[in-house]
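Contents: one structure, followed by commentary.
The values are calculated or read from the model by the stated rules, or taken from the named source; none is laboratory data. Predicted model only: the values in this text are computed from it and were never measured. Cβ sites come from the backbone with ideal geometry, for glycine too, and all protein chains shown count toward neighbours. Protein only, heavy atoms only, side chains kept; ligands, DNA and RNA dropped before computing areas. Shrake-Rupley method; radii C 1.70, N 1.55, O 1.52, S 1.80 Å.
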Amino acid sequence: MLSLLAHGSVAPTAQLAAVHADGSGDFAVVFNTVLVVGITVGVLITQFTAREVRPQMYIWCALLVARGCVPPGPSEATAGGIGFLVLALAVSVVFGALRARSMPMWRTPAGKVIRKGGMGTMWLWLATIAARLVVGAIAHVTTGEPINVNALWLGMGVTLLVQQYFLGLRAKDSALPVRETAATPAAGPRTSE
């Protein structure tokens, strides 16, 4: 793999595709994994910047969920595969709700609702990812279920969907503090639940 990157004349992705064109590896798995990691990093970065709570986020959630359902689907059609998928999605739901509660929210004088994740949100993201990996590893060890990138897409979409839903509910709270700017509010207890 490192020798592929040493050739400067061809892009690394093209080199990787050429190596895997003969069936000696699975380019789609590598590409999807890199894509999932890249999107996850992008999402995590946006979680820690002050951003307006808007319904447009549902578009990204829907795209991730749809991508997770693309054939062959997020799990094998076995009792173990479906059972572990349901468990993993339940983990996604729980952590999405917890992350939404962990984010401080406030209104600007113009009435826009802003949210920004803090350390609690970061720890909950790490716990979400760790829990999903543990469930996947247990499924693989106990039932032989293959590691499925579609399940990761689906789980990311579901956890963000739940988080956005609860942020939207909190955004309707008229008791949110008003801040002069979109900057992070002063540390202290949240005034809205």
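Once fully extended, how much extra length lies between Ala28 and Glu52, figured as 0.36 nm per residue of separation less the alpha-carbon to alpha-carbon distance?
5.2 nm
Of Tyr165, Tyr58, which has the most accessible area with a 1.4 Å probe, and how do the rest follow in descending order?
Ranking Tyr165, Tyr58 by accessible area, largest first, yields Tyr165, Tyr58.
Taking R0 as 41 Å, what's the FRET efficiency between Ala110 and Ile138 from their Cβ-Cβ distance, rounded to 0.05?
Step by step, r from the Cβ atoms, then E = 0.30.
Relative to the compact globular guide of 2.2 N^0.38 Å, what is the alpha carbon radius of gyration of the stretch 43-193, as a ratio?
1.16
To the nearest 0.05, how large is the calculated FRET efficiency for Leu169 and Leu87 if R₀ is 25 Å and r is the Cβ-Cβ distance?
After rounding to 0.05, the efficiency reads 0.50.
What FRET efficiency would be calculated for the residue pair Ile147, Ala62, taking the C-beta separation as r and a Förster radius of 25 Å, to the nearest 0.05?
According to the calculation, E is roughly 0.55.
Quick check on packing: order 125-133, 86-94 by the mean number of other C-beta atoms within 10 Å, highest mean leading.
Ranking, from highest mean packing down: 86-94, 125-133.
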